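Below is one structure, written out as structure tokens; the observations come after it.
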Amino acid sequence: MKKALSFLLLFCLFFSLAAPAMASSYGKDPVKPGWKDGKAAKGWIQSKIKRMTVEEKVGQLFMIHVYGQTPTDPDYEEINLTNNRGAKNFKEAIEKYHIGGVIYFNWTDNILTPLQAEQTLSLSNGIQQIAMDQRMEIPLLVSTDQEGGVVARVTEPATVFPGNMALGATRSVPNAYDSAKIMGLELKSLGINMDLAPTLDVNVNPENPVIGVRSFAENANLAAAFGAAQVTGYQKSNVAATAKHFPGHGDTNVDSHYGLPIIDHDLETLHNVDLKPFKAAIKAGIDAIMPGHIVVPALDDSGLPATLSKPILTDLLRKEMKFNGVIITDSLGMSGANVVPPDRVAVEAFKAGADILLNPPNVPVAYEAVLNAVRSGEISKKRLEQSVYRILELKFKRGLFHQPTMPMDSINNIGLPENLKKADKITESSITLVKNDQSALPLSKEESVFVTGPSTGNPSMLSQLLAQKGFESNVYETSANPTAAQVAEAVSRAQHASTVIITTYTANTSSAQQQLVNELEQTGKKIIVASMRNPYDIMAFPEIDANILTYGFRPVSIKALAKALSGELSPSGKLPVTIPGMYPYGHGLSY
């Protein structure tokens, strides 16, 4: 009797200890959270792969976008079908294609602007529950592009940072780490477990239309140090980081969304400049690397972009650089990828060495093409299972099998006061004063101020903040490329002010914005240009009285700019790039 009672007590004790762990994970494959990358974890992943069908394995390769605010949103069924999602909603896409991941955008209404945190987290949890209800119980990689600055899907009331080049201007590696750790925390709180960041391109071309301020600097060592810090920060928050755009998109004047850029660097330059940040990211333990749709003849003279290049993805990245993590393509719908027939893009990217096939423009066509390539033997079972293993290993490493969903109270981590304060402090230290003839700045309260420029540069917010600080300030917004009528109106209104502030937005490549500045210069007023994106604007109008840089247009940058213009803070940022023929790397004035 005593033995039976002792056994019963032991059984009850075991069950009470095991129950929470059993309840926190799904289904038939108990995952021990203590497993790391040891033999037990490897064996568990391999056993899972053995039980998967070919269709399920192929599905794991795909990360797609789906329109909708909920997993079964009825309002988006037609747009999903007409946009070649191959399914009416997330639920149907998961069930039909066994997809391995999804990517959230603002334009698909997965993440709303301003952010509605409860909606996004409910969507994330909902689709994870659907995935875990499938036969193989494999959680999803849920990704987005949250670089900070000009590329940010999650915005206010979340913590918004000024972007990579602004971080580079602070010259503070801890700032890079802190920004990534906080962004990672907030993404994880929304059920987003993979960030397609950081951008590790070394921006050495002032005419680069797609990278620019998304780069930390033109200096490879600075980009490497800041990139490695961000990798650590994101992954410290248990969000997979993705270094992009391998082997380096920094020296091009073509946007790979709309064309096919060619990087004409020799091998020495590639290794000393472009590849250096990626080597640092690999050393820091980066989870994933994204190749760009860029042609690099020194590495592959076939004319194929890196996305489709076996010499670049397999020979260089896998073998020479010894990267064992996940290779994820850039969006397969971009023009730079469309150099082979549409039904071959996903197949050729996979054969080149990619693991995850991101955002194919036609999901059923891409899925069936890869599936048929496997069935025909064009893609071997061994090669398929290598990629599936890496994908499942990443999900395991990031704890998704153990905890695929997040508690709803996680959204309380969004926009914490201490994090908002940190973002303000970092942004304030990034503001860079390039030119300040005759102490044009800071402004004095005796000046009447007229703020104008493209709406993308946020002149209205700047004028409002200056008014709140006691300045007489009026504003007139123009279009991104000001019309002749808008230029004339701006000149007319400038007559009533003593100082004109123009919020330019990559004006060095906009003749219409240059015309706006040039005609305002003719008024004889004090002209201050606040460059709200790329730092090269002053090249187009070197005679202005003052030039101050924010590297971004988000409210966090406008607030810091208003403080600098009013003299509440003295600019301390240093140029992360050279302004050719004018200002060297590292230049920066203070009051």
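The values are calculated or read from the model by the stated rules, or taken from the named source; none is laboratory data. Keep in mind it's a predicted model, so treat the numbers as computed, not measured. Glycine gets a Cβ as well: all are built from the backbone with ideal geometry, and neighbour counts include every protein chain shown. For the accessible areas, the whole protein counts, side chains as well, though only heavy atoms, and no ligand, DNA or RNA atoms are used. Shrake-Rupley method; radii C 1.70, N 1.55, O 1.52, S 1.80 Å.
Counting only residues that are of a type outside the set (Asp, Glu) and open to solvent by 20 Å² or more (accessible area, probe 1.4 Å), which one in the range 420-434 is farthest from residue 182 (Cα to Cα)? Quick ask: steps written out before the conclusion?
Going residue by residue through the range 420-434, those that are of a type outside the set (Asp, Glu) are 420-423, 425-427, 429-434.
Subset that is open to solvent by 20 Å² or more (accessible area, probe 1.4 Å): 420-422, 425, 429.
Details: 420: 10, 421: 12, 422: 9, 425: 14, 429: 18 Å.
In this case the residue turns out to be 429.
If residue 214 passes every condition in (1) under 13 Å from the mean Cα position of the chain (by Cα); (2) open to solvent by 20 Å² or more (accessible area, probe 1.4 Å); (3) closer than 19 Å to residue 117 by Cα but one, which one does it miss?
The one condition residue 214 does not meet is (3).
Answer yes or no as to whether residue 547 is in contact with a helix residue (DSSP H, G or I) (Cβ under 8 Å, 6 or more places away or on another chain), modelled with pLDDT under 95 and under 30 Å from residue 251 (Cβ atoms).
Values: in contact with a helix residue (DSSP H, G or I) (Cβ under 8 Å, 6 or more places away or on another chain): yes; modelled with pLDDT under 95: no; under 30 Å from residue 251 (Cβ atoms): yes.
No, not satisfied.
Across the range 387-417, what is the number of residues that are free of Cβ contacts under 8 Å to residues at least 12 places away in the same chain and over 22 Å from residue 129 (Cβ atoms)?
So the answer is 1.
From the list 89, 84, 125, 106, which one is closer than 23 Å to residue 550 by Cβ, modelled with pLDDT of 95 or more and either surrounded by 20 or more Cβ atoms within 10 Å (Cβ to Cβ) or not β-branched (Val, Ile, Thr) (or both)? Spell out how you get there, then give the answer.
Details: 89 fails: closer than 23 Å to residue 550 by Cβ; 84 fails: closer than 23 Å to residue 550 by Cβ; 125 fails: closer than 23 Å to residue 550 by Cβ.
It is 106.
Determine the pairs where a residue that is more than 10 Å from residue 71 (Cα to Cα), located within the range 81-92, has a partner that is of a type in the set (Ser, Thr, Tyr) and surrounded by fewer than 21 Cβ atoms within 10 Å (Cβ to Cβ) with Cβ atoms under 6 Å apart, the partner being 6 or more residues away or on another chain.
none
Keeping to the range 487-509, report how many residues are open to solvent by 10 Å² or more (accessible area, probe 1.4 Å) and polar (S, T, N, Q).
Of the residues in the range 487-509, 6 are open to solvent by 10 Å² or more (accessible area, probe 1.4 Å) and polar (S, T, N, Q).
Inside the range 233-267, can you point out the residues that are outside any loop (DSSP other than H, G, I, E, B) and crowded, with 19+ Cβ neighbours inside 10 Å? First the steps, then the outcome.
Within the range 233-267, the subset outside any loop (DSSP other than H, G, I, E, B) is 233-236, 240-246, 262, 267.
Answer for the range 233-267, where residues must be outside any loop (DSSP other than H, G, I, E, B) and crowded, with 19+ Cβ neighbours inside 10 Å: 233, 234, 235, 240, 241, 242, 243, 244, 245, 246.
Tell me which residues, restricted to the range 283-304, are over 23 Å from residue 195 (Cα atoms) and either assigned to a loop (DSSP other than H, G, I, E, B) or open to solvent by 20 Å² or more (accessible area, probe 1.4 Å) (or both).
From the range 283-304, those over 23 Å from residue 195 (Cα atoms) are 295-304; that's our starting set.
Those that are over 23 Å from residue 195 (Cα atoms) and either assigned to a loop (DSSP other than H, G, I, E, B) or open to solvent by 20 Å² or more (accessible area, probe 1.4 Å) (or both): 296, 297, 298, 299, 300, 301, 302, 303, 304.
So that you can scan it fast, the table gives a plain yes or no per residue for (1) assigned to a loop (DSSP other than H, G, I, E, B); (2) out of contact with any strand residue (DSSP E or B) (no Cβ under 9 Å at 6 or more places or on another chain):
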position: 503; (1), (2): no, no
position: 538; (1), (2): no, no
position: 553; (1), (2): yes, no
position: 557; (1), (2): no, yes
position: 561; (1), (2): no, no
position: 564; (1), (2): no, no
position: 568; (1), (2): yes, yes
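A quick yes/no check of all residues on (1) part of a strand (DSSP E or B); (2) in contact with a Leu (Cβ under 6 Å, 6 or more places away or on another chain); (3) modelled with pLDDT of 95 or more; (4) within 24 Å of residue 444 (Cβ to Cβ):
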| site | (1), (2), (3), (4) |
| --- | --- |
| 489 | no, no, yes, no |
| 500 | yes, yes, yes, yes |
| 513 | no, no, yes, no |
| 516 | no, no, yes, no |
| 528 | yes, no, yes, yes |
| 533 | no, no, yes, no |
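Can you find a residue in the range 169-183 that is under 20 Å from residue 431 (Cβ atoms) and part of a loop (DSSP other than H, G, I, E, B)?
yes
Criterion first (modelled with pLDDT of 90 or more, open to solvent by 10 Å² or more (accessible area, probe 1.4 Å) and closer than 25 Å to residue 539 by Cα) does residue 207 satisfy it? Walk me through how you get there before you give the answer.
Working: modelled with pLDDT of 90 or more: no; open to solvent by 10 Å² or more (accessible area, probe 1.4 Å): yes; closer than 25 Å to residue 539 by Cα: yes.
For residue 207, the condition - modelled with pLDDT of 90 or more, open to solvent by 10 Å² or more (accessible area, probe 1.4 Å) and closer than 25 Å to residue 539 by Cα - is not met.
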